[in-house]
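The values are calculated or read from the model by the stated rules, or taken from the named source; none is laboratory data. Note that the coordinates shown come from a computational prediction; the quantities given were computed from them, not determined experimentally. Positions of Cβ are generated from backbone atoms using ideal geometry, with glycine treated the same way; all protein chains shown enter the neighbour counts. Heads up: the accessible areas ignore ligands, DNA and RNA and are worked out on the full protein's heavy atoms, side chains in. Shrake-Rupley method; radii C 1.70, N 1.55, O 1.52, S 1.80 Å.
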Amino acid sequence: MKYPVTLGVNGESFELLVEAHKPLLHVLRDDLNLTGARRGCESGYCGACTVLLDRQPVHSCSVLAVAAVGKEITTIEGLAVNRQLHPLQEAFVADGAIQCGYCSPGFILTAKALLDGEPQPDSSTVREWLKGNICRCTGYAKIVSAVLNAAGKVRAGEGR
Amino acid sequence: MQYVEPGSLTEALQTLSQNGEEGKVLAGGQSLLLMLHLGLVRPAVLVSLQRLSDLTAIAYDPKGGLRLGAMTTQRAIETSPLVRQHCPMLARTSSLIASVHVRMLGTLGGNLCHNLPGADPPPALIALDATVLLASTRGVRELAIAELFSGFMETAVRPDELLTEIRIPPASLGGRAVYLKHCVRSVDPALVGVAVRLKLAGDGVTCADLRIGVGGVSPTPYRAGSAEKILRGQRLSRDSISAASAVAAAECDPITDAHGSARYRRKMLEVFMRRALTGGWNGDGAAALC
Ligand SMILES: Cc1cc2nc3c(=O)[nH]c(=O)nc-3n(C[C@H](O)[C@H](O)[C@H](O)COP(=O)(O)OP(=O)(O)OC[C@H]3O[C@@H](n4cnc5c(N)ncnc54)[C@H](O)[C@@H]3O)c2cc1C
Ligand code: FES
Ligand code: FES
């Protein structure tokens with residue numbers, strides 16, 4: 001059965017007709033063309049599909065679109081402001097934490113939620129938060145250091 | 001498939017009662033969405049509990065102990081000051097589940113009702129002598145936690161029932177409690193999970209009381225009664241703890257799968273049981289954490 005829903009994504013409101021069983025991931029990609037949410041394992045392991053739901057990281061393959069009504073959804077497309085990248089995005093580029101980039105939106109959004117709540121995490125906290133994201137290219141060392149460097153920049157006021 | 005979000009517990013119970021086997025409860029969806037995706041469940045009506053904010057309460061009082069609403073998320077349990085203060089073992093157990101992502105949405109009630117082999121909360125709650133409340137339009141019943149797990153990924157929850165609350169009695173709070181999880185990748189369920197709650201007698205070496213919950217090594221989580229019996233009322237020592245662990249290993253009924261063979265699981269149960277009991281005895285539990 002299809003339901004009319006209003007989804008709040010990256011500060012905008014979208015009215016859609018969605019089937020009850022559709023995961024948020026599919027609606028973001030297929031109906032809203034927000035392909036930064038990546039389709040990976042679709043079983044809650046890889047984190048490629050990570051989005052923020054009310055500012056917390058969740059796997060959008062494991063959330064029904066009909067259940068996301070009334071929640072604030074943030075995808076990677078919502079991070080840059082006026083074409084100015086978020087400090088995390090800049091750090092990922094600068095530190096070589098991106099290779100093929102398939103996993104990057106998920107890592108960056110997860111890290112954003114962490115830094116928003118805890119601006120000075122140590123590296124074990126960063127690793128704990130990133131456990132739900134898998135990268136097949138970089139190894140994790142550069143990703144962790146990019147997050148720590150971005151945290152430093154955010155604290156120093158060199159970004160948001 | 002229809003999707004409904006009842007606004008009250010009464011409404012939710014009525015919806016479930018009207019739909020019988022055709023209805024399915026949706027909590028955090030972390031397991032159910034996968035089951036739907038794989039076609040393993042095909043409900044006609046999905047009954048979401050997300051508007052039932054009463055079911056997210058965490059409360060403590062000295063007489064009633066700790067009470068957790070079924071919709072409390074695993075993340076909320078892990079970070080709750082009340083749980084950390086009165087039952088740190090449960091907060092720690094919760095923090096070992098999957099990833100932050102899964103814990104943000106996954107609920108304690110959903111975890112128990114899914115009864116995934118290797119799930120972490122079940123052995124912890126068995127050691128804590130917890131009970132659960134099951135509500136339906138027919139009334140409310142209270143079940144000892146171990147009775148909830150009736151078979152491989154099966155529970156005693158009837159199609160018209162909702163698990164509403166998890167209760168940990170006051171006698172289980174405070175004192176020594178340890179949960180150890182053994183897994184290869186830390187986002188996986190436990191190959192072996194052992195929870196121990198232990199009371200020492202005044203002499204500091206005699207085991208006055210003991211409860212052991214075990215997960216991952218049989219079709220359902222269970223209480224390791226024979227191992228408890230060996231130690232209850234006895235002086236704790238390396239030898240008595242080893243003997244109890246050997247009995248527990250002999251009695252378990254593990255499976256072989258991609259994560260580990262039955263033989264490996266059995267061996268690891270012995271090792272982790274020994275570490276958990278030793279940790280409960282002398283506080284040296286942290287060394288063995290996954
Ligand atoms: C990638 C991944 C890794 C995981 N790793 C672990 C791990 O390491 N340790 C661990 O313990 N678990 C693990 N799990 C399992 C997970 O913790 C639980 O399955 C999840 O928390 C279930 O809770 P939920 O709220 O999402 O339930 P849902 O998925 O919504 O529901 C699960 C089942 O319970 C039923 N149900 C839910 N709530 C109720 C209720 N109140 N009354 C009656 N029936 C109900 C549903 O109908 C459904 O059958 C993992 C899951 C994933 C996806
Ligand atoms: S696609 Fe969602 S976790 Fe892998
Ligand atoms: S950069 Fe390729 S998967 Fe991470």
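Calculated translational diffusion coefficient of the protein assembly as shown (4 °C, 1.567 mPa s; Stokes-Einstein with Kirkwood radius over alpha-carbon pairs) equals 56 µm²/s.
For segment A:87-155, treating each Cα as an identical point scatterer without solvent, what Debye log10 I(q)/I(0) comes out at q = 0.24, 0.29 1/Å? Cα-only, vacuum Debye calculation for segment A:87-155: -1.02, -1.55. Convex hull volume of the Cα atoms of segment B:69-208, normalised per residue: 117 Å³.
Could you list log10 I(q)/I(0) for segment B:1-128 at q = 0.09, 0.12 Å⁻¹, which the Debye formula gives when each Cα is one point scatterer? Here the Debye-derived log intensity ratios amount to -0.27, -0.48.
The residues packed around B:Leu198, meaning those with a beta-carbon under 12 Å from its beta-carbon, carry a net charge of +3 if Lys and Arg are +1 and Asp and Glu are -1. Label-to-label distance, B:Asp253 versus B:Leu9, with points set 7 angstrom from Cα along the beta-carbon direction: 3.5 nm. Normalised by 2.2 N^0.38 Å, where N is the number of residues, the alpha-carbon radius of gyration of chain B equals 0.99.
Solvent-accessible surface of segment A:21-160, taken per residue with a 1.4 Å probe and all protein chains present: 43 Å². Across the options B:Val214, A:Leu17, B:Leu133, the greatest Cα extent toward the positive end of the charge dipole of the protein assembly as shown (unit charges at beta carbon of Lys, Arg, Asp, Glu) belongs to B:Val214. Taking the accessible area of the protein assembly as shown, probe 1.4 Å, and keeping the other protein chains in place, the carbon and sulfur fraction comes to 50%. The accessible-area loss of segment B:42-61 on complex formation, taken against its chain alone with a 1.4 Å probe, reaches 40 Å² or more at B:Gln50. Taking 25 Å as the limit for the C-alpha separation, the pairs A:Lys142/B:Lys181; B:Lys63/B:Lys229; B:Lys229/B:Lys267; A:Lys71/A:Lys112; B:Lys181/B:Lys267 exceed it in the case of A:Lys142/B:Lys181; B:Lys63/B:Lys229.
Helix content alone sets the calculated 222 nm mean residue ellipticity of chain A: runs of n ≥ 4 DSSP H residues at -39500 (n - 2.57) each, divided across all residues, give -8500 deg cm²/dmol. Summed over both chains, the contact between A and B buries some 2200 Å² of accessible surface at a probe radius of 1.4 Å. Only DSSP H runs of four or more residues enter the estimate; each adds -39500 (n - 2.57), and after division by the residues of chain B the mean residue ellipticity at 222 nm equals -10000 deg cm²/dmol. Judged by the mean number of other Cβ atoms found within 10 Å, the most tightly packed of the peptides A:11-21, B:24-34 leads the ranking B:24-34, A:11-21.
Across segment B:175-289, the convex hull enclosing all Cα atoms gives 87 Å³ per residue. Summary value for chain A: 23 percent relative contact order, contacts being C-alpha pairs under 8 angstrom separated by 6+ residues. Counting only other chain Cβ atoms within 10 Å of each residue's Cβ, the peptide A:62-74 averages 4.
For B:Arg141 and B:Lys63, what does the FRET efficiency come to when R0 = 25 Å and r is the distance between their Cβ atoms, rounded to the nearest 0.05? About 0.75, to the nearest 0.05. Counts of other chain beta carbons within 10 angstrom of each beta carbon in peptide B:26-36 average 4. Taken along the Cα-to-beta-carbon direction at a fixed 7 Å, the label points for B:Ser237 and A:Asp116 span 5.8 nm.
With the simple spin-label model, which puts each label point 7 Å out from Cα in the Cβ direction, the A:Tyr3 to B:Ser95 separation comes to 3.5 nm. Interface residues of segment A:113-135, defined as those with an accessible-area decrease of at least 30 Å² between the chain by itself and the complete set of protein chains (probe 1.4 Å), are A:Glu128, A:Trp129, A:Lys131. Shape call for segment A:38-138 from the C-alpha gyration tensor, a ≥ b ≥ c root eigenvalues: rounded (a/c under 1.5), prolate (a/b greater than b/c) or oblate? Rounded is the answer for segment A:38-138, as its axis ratio a/c remains below 1.5. Computed from the Kirkwood radius of its Cα pairs, the Stokes-Einstein diffusion coefficient for segment A:2-78 at 10 °C and 1.306 mPa s stands at 132 µm²/s.
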